[in-house]
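The values are calculated or read from the model by the stated rules, or taken from the named source; none is laboratory data. Values in this document were obtained by computation on a predicted structure and should not be read as measured data. Cβ placement follows ideal geometry from the backbone for every residue including glycine, while neighbour counts extend to all protein chains displayed. Side chains included, ligands, DNA and RNA excluded: accessible areas come from the protein's heavy atoms. Shrake-Rupley method; radii C 1.70, N 1.55, O 1.52, S 1.80 Å.
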Amino acid sequence: MSMCMTSPNLALEKQTILEAFVLMDQDMLFCCLKVSLHLVMGDGDADIGLSSNSSNWLRIGLYGGIHGLQLLSAIIVLAGIADQARYGPSSICILYIQDYKQDSMNPGYYLFNANSSACSGIMGLSAASMLLALIIGAASLYYIVRAEFRAVRLIFGMAVIAVVETLVAFLMAIIATIGINTTCGQFSSAGFSCGTIFSGGFFEQETSLTYPKSLGVVNLAVAASWFCFISWAAYAALEVLNWRNSV
């Protein structure tokens, strides 16, 4: 007769060893995930102390590209609207024009009402975006280049600023888009091409000068306003994730 014996102590030791290996694997997996998030996000106080030159250059390229797009798009918006969406000594804004119709006294001319302050508003918002891109961009890249930790409150403050500026940039893009669409709609309803009217020029009743404008440049400024919004939204998302990772 054969007998089979079991040892409760031996089984317990084997189970303890197996559980230890499982826990070690879980810890290693968690550490790897945290390191991966650190390399991409570079979150202030949530940093775990593992870095490399390649990952730092990656972060510099990512954040530098975003801040560069913020600055460049804001410059294009400001310059395009200031130079091609306004005309005459009074700097009349040709966004949101109304009542485009033929002059009954001079059949060869058309009149319209241009009382919008949209151009000034867009220029002000784009100038603010330029300033913030320079300040926030310099601060952001400073901490990345020097590989210094950021306080949680600093990360939170930069995230709030980025979110607010994202909303501002979205408002700027909406104003510019609706403004040029409204103007071109007025020209189209009169049977003219928007580009033709722009290139033909505008004039003030007080002067005899004609001021030709480029619809392409205005459209470029409008497109740049959307790129400005997208770049700020991307940066805001990064900073919000950095803040969530640091608390």
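Some observations on this one:
- For segment 85-127 and segment 171-237, distance of Cα centres in Å: 11 Å
- Carbon/sulfur fraction of accessible area - segment 98-247, other protein chains in place, 1.4 Å, %: 65 percent
- Extension reserve of the residue 106-residue 210 stretch, reckoned as 0.36 nm per residue once the Cα distance is removed: 35.8 nm
- Per residue, in Å², the accessible surface of segment 96-247 once ligands and nucleic acids are set aside, probe 1.4 Å: 52 Å²
- With DNA, RNA and ligands ignored, accessible area of residue 174 (1.4 Å probe; Å², nearest 10): 60 Å²
- Only protein heavy atoms count here; on that basis, with a 1.4 Å probe, residue 240 has an accessible area of about 50 Å².
- Segment 121-169: trypsin sites (Lys or Arg not before Pro) in DSSP loop, at most 11 other beta carbons within 10 Å: 146
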